[in-house]
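Let me begin by presenting the structure, written as structure tokens, before commenting on it.
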Amino acid sequence: HTSQWNKHMVKRILENGKYLGTGVYPRLVSDEEFLAAQIQREDKTDYAPCPAALNPIREKAVCAVCGSRIARDTKSHGRPRWVCPDCGAIVHISDEEVQKRISHRLRHLADTPDLLTQPPIPEAVPSTDALRIQNELNLCFNRPDINPDYMKTLIFAAAAERYAVLPDLTPVHDMEALRERLETGPVSDSNLRELLAKAVKAIRIGGQDYIELELTNGTMIGKEQTT
């Protein structure tokens with residue numbers, strides 16, 4: 001035991017009902033003090049549950065300052081805020097305002113489908129294994145004692161390596177299909193959800209209620225579009 005008191009020891013005593021004088025312990029805390037401690041504790045642990053509609057936004061939310069993932073929490077008196085664990089940026093904005101601003105940006109995007117241009121297709125770069133297999137295959141072609149089974153194995157392996165590095169064209173097809181649908185039909189809530197899921201790469205959240213959408217094609221839908 002120690003004779004030195006600290007705030008943590010005092011806190012534990014104030015929050016523990018056994019020190020109200022019931023049972024074998026002497027009374028160290030008055031009823032008023034215990035009640036005040038409980039009220040303060042509840043205030044600190046209060047939180048606002050995250051709406052289900054916010055989950056798709058949280059999955060793509062990044063910090064506008066450093067680009068790292070930014071997380072929503074309610075540790076500040078139960079009020080929603082967005083906190084970047086890397087640079088420490090904190091953005092206080094209500095869940096309703098976040099959804100409203102993103103909805104406006106998606107609506108703007110749906111009304112101007114020409115912004116849904118094809119995203120860049122990454123170049124297929126052969127892997128180290130692919131180059132090694134191809135070199136071995138070239139050497140085999142120059143050998144007088146060709147082993148057909150070994151050559152066949154190398155050919156299949158080379159083909160598999162080339163296939164493995166082919167770019168995924170799904171985002172390209174998704175963008176084209178979305179653009180065609182928005183150009184020929186009315187905008188629906190389903191269209192907006194699909195835009196968020198397939199056309200938006202990241203949602204940048206920053207100070208002063210700054211929210212910007214980064215599309216998979218690199219286009220930025222910023223705060224100047226809606227207020």
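For the range 67-208, the carbon plus sulfur part of the accessible surface works out to 54%, probe radius 1.4 Å. The Kirkwood hydrodynamic radius of the range 58-145, based on inverse pair distances between different Cα atoms, is 18.0 Å.
Segment V187..Y210, full-extension length gain: 5.8 nm, with 0.36 nm per residue of separation and the alpha-carbon distance subtracted. Our estimate of slack between E96 and E176, defined as 0.36 nm per intervening residue step minus the Cα-Cα distance, is 25.7 nm. When you restrict to C-alpha pairs under 8 Å that are six or more residues apart and normalise by the size of the range 58-102, the relative contact order lands at 26 percent.
Only Cα sites of the range 86-227 enter the Debye sum here, all with the same form factor; the resulting log10 I(q)/I(0) across q = 0.12 1/Å is -0.65, listed in q order.
For the range 98-193, the relative contact order works out to 48 percent when only alpha carbon pairs closer than 8 Å and six or more residues apart are counted.
Descending by average beta-carbon neighbour count within 10 Å, the peptides 102-115, 156-169 line up as 102-115, 156-169, the highest first.
Estimated at the nearest 10 Å², the accessible area of V187 is 40 Å² with a 1.4 Å probe. Note on D168 and C87: with the Förster distance fixed at 35 Å, the Cβ-Cβ geometry gives a FRET efficiency of about 0.70. Against the compact-protein benchmark of 2.2 N^0.38 Å, the Cα-based radius of gyration of the range 149-202 scales to 1.90.
The values are calculated or read from the model by the stated rules, or taken from the named source; none is laboratory data. On a predicted model such as this, the values are computed, not experimentally measured, just so you know. Glycine also receives a Cβ, built like all others from the backbone with ideal geometry; neighbour counts cover every protein chain displayed. Remember, those area values only see protein heavy atoms, side chains included, never the ligands or the DNA or RNA. Shrake-Rupley method; radii C 1.70, N 1.55, O 1.52, S 1.80 Å.
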